[in-house]
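The values are calculated or read from the model by the stated rules, or taken from the named source; none is laboratory data. Quantities reported herein were computed from a predicted structural model and do not represent experimental measurements. Note that we place each Cβ from the backbone using ideal geometry, even for glycine, and neighbour counts take in every protein chain shown.
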């Protein structure tokens, strides 16, 4: 008979891999010198403003969520409940087949909490890109993660340059050069919504593709493939923000890195 503790550990490792994959949207570049900044062309400013305006329309999302991770010839599937609230609040519970959670991740603009239920252990850290790098392997701000899971592409805040790229098989796109490499966002030619995002020039180039009720993320080398799918998602429902709060029970060992 399989030891249930081993199964729980396997699920925890799978969940970490999923969030590691999602964190690839903030890749760190290796350039030794930074190019001079150039004024953004009017059409790039317009595209950037439209992307930011769409993000500002988002308030919250609540959904049952299925995560499928394919890596090194292995496929892991996780199911749980995801809550998102703009601009930077998140709570995800990975559930066992019988319902109780095996791990809870909660974050806001200040703190990230990772509670390993089966191990009766929790970790706390400041919600900074460096904290995400510590836990997930790559730097990612809380707002970037929430936006990606909600289906939005956040353009870089302070790019060195930007250009509009003629349409290809996916559609028109806008490309930005940043300190972290190059970010390219494909747009729907009719609605202007983001369809795909690609990051190159960093240590692990990645691509995010927004699909109906979910997002598909993969590394460009093909070694990692993650699909996040929502079942009956509720957007902008105005759920009680207190649902995002995570209070670790007494008796759980807390490791505080704040």
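Tell me, yes or no, whether region 161-175 has at least one residue that is in contact with a helix residue (DSSP H, G or I) (Cβ under 9 Å, 6 or more places away or on another chain), assigned to a loop (DSSP other than H, G, I, E, B) and at pLDDT 90 or above. Taking every residue of region 161-175 in turn, at least one turns out to be in contact with a helix residue (DSSP H, G or I) (Cβ under 9 Å, 6 or more places away or on another chain), assigned to a loop (DSSP other than H, G, I, E, B) and at pLDDT 90 or above.
The residue that is farthest from residue 150 (Cα to Cα), among those in region 71-86 that are crowded, with 17+ Cβ neighbours inside 10 Å and in contact (Cβ under 8 Å) with a residue 40 or more places away in the chain, is 71. Among all positions in region 74-82, there is no residue which is in a loop (DSSP other than H, G, I, E, B) and out of contact with any strand residue (DSSP E or B) (no Cβ under 9 Å at 6 or more places or on another chain). Picking from residues in region 86-111 that are in a strand (DSSP E or B) and touching a helix residue (DSSP H, G or I) at 6+ places or on another chain (Cβ under 6 Å), the one that is farthest from residue 256 (Cα to Cα) is 94. Residues that are part of a loop (DSSP other than H, G, I, E, B), under 22 Å from the mean Cα position of the chain (by Cα) and surrounded by 13 or more Cβ atoms within 10 Å (Cβ to Cβ) within region 213-258 comprise 213, 220, 239, 246, listed in sequence order. Does region 37-67 hold any residues that are in a strand (DSSP E or B) and more than 16 Å from the chain's Cα centre (by Cα), and which are they? Residue satisfying the conditions is 64 alone. Selection of region 198-207 for residues being in a strand (DSSP E or B) and either touching a helix residue (DSSP H, G or I) at 6+ places or on another chain (Cβ under 6 Å) or farther than 25 Å from residue 81 by Cα (or both) yields 198, 199, 200, 202, 206. Return a yes/no flag: does region 132-155 have any residue that is part of a strand (DSSP E or B), at pLDDT below 90 and in contact with a helix residue (DSSP H, G or I) (Cβ under 7 Å, 6 or more places away or on another chain). No - not one qualifying residue is present in region 132-155.
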